[in-house]
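Read the structure below first, then the notes.
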Amino acid sequence: MINLKSIVDIINPKYCYSCSNEVQEDGLCNSCWKEITFIHNPSCIRCSNPFPHEISEFALCASCINKEFNLDKIKSAMKYDSFSKKIIMLYKNHNATYMAKFFAKILVSCGKPLLDRTDIIVTVPIHFWKMVWRGYNQTSLIAKHVSDISNKTFLKTGILKTKFTQSQSNYNQLQRQKNIKDTFEVNGIHKQEIKGKNILIIDDMITTGATMEECARILKLSGAKKIFGLTIAKSVHKSM
Ligand SMILES: [Zn+2]
Ligand SMILES: [Zn+2]
């Protein structure tokens, strides 16, 4: 029997975001879905960098051991590789705002242990003029969907970017920390709201974590309690 959904599907077919094959649901086709390298356990209990071998349940990777961070815990859904780069770039650079919900669902599923402990969601901000140029803040759109699905407060302008910075991509970790230092501030109108709360910072991807760590630093300076990070992709390093 033909139902309303199948009529809509015939009139308005859906296509895989990556390869344009026809699909039943918004998102990726089965073969593209298999191209994603999801990050599984065992992984570092702080930054979720996967270990290449079995290890105790509560281990820290070489980058996290014996170091102090403002970011208490980070989860990333997938490894940053050629495929995840392709779908993130499609979303970011081709005005593919319809992909926001797809990424949000992936984040909610991967970040559940963090979302369960989260009071407020924020994003790593982009500079105001960059947003005007692009027309939208792509991470904010994803965070709004995460907030709707998880029923957590989203402060769209919780953190503000107050200075232009060079792209982090050509810098090493130390240079990244220097480049990003003192370029964010907690929005004055939200300072009271943030005090004593657990905050989840959402971004598309994480490399060294310098940008997210700087956001975490200013949030803790404003009295936030725990800071979590949640990203779609992570550049995985060889650990231990
Ligand atoms: Zn496909
Ligand atoms: Zn780690």
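Just so it is clear, none of the values below were taken in a lab; they were calculated from the coordinates. Nothing here was measured: the structure is a model prediction, and the numbers come from that model. Counting neighbours? That spans all protein chains shown, and the Cβs are built from the backbone with ideal geometry, glycine included.
Evaluated at q = 0.09, 0.16, 0.18 Å⁻¹, a Debye calculation over the C-alpha positions of the chain (equal weights, vacuum) places log10 I(q)/I(0) at -0.40, -1.21, -1.49. Relative contact order, whole percent, for segment 151-239 stands at 30, derived from Cα pairs under 8 Å and 6 or more residues apart. Based on C-alpha pairs under 8 angstrom that are at least 6 apart in sequence, segment 37-185 has a relative contact order of 17 percent. For the cross-link pairs Lys79/Lys178; Lys178/Lys220; Lys101/Lys181; Lys144/Lys238; Lys181/Lys238; Lys79/Lys105, the ones whose C-alpha atoms lie over 22 Å apart are Lys79/Lys178; Lys101/Lys181; Lys144/Lys238; Lys181/Lys238. Mind pulling the angle between the C-alpha long axis of helix 138-150 and the longest principal axis of the chain? Nearest 10 degrees, somewhere in 0 to 90. Taking Cα atoms only, the helix is inclined about 80 degrees. Tally the DSSP beta bridges in the chain and give the antiparallel ones as a percent, rounded to 5. About 25 percent, rounded to the nearest 5.
Of Pro42, Pro50, Pro13, the residue with the greatest mean-square motion in the GNM of the chain, using alpha carbon springs below 10 Å, is Pro13. Close amide H pairs (under 5 Å, H built 1.01 Å from N) link Lys75 with Gly229, Leu230, Thr231, residues at least 5 positions away or on another chain. Net charge of the neighbourhood of Asp182, taken over other residues with C-beta under 14 Å away and scored Lys/Arg +1, Asp/Glu -1, is +3.
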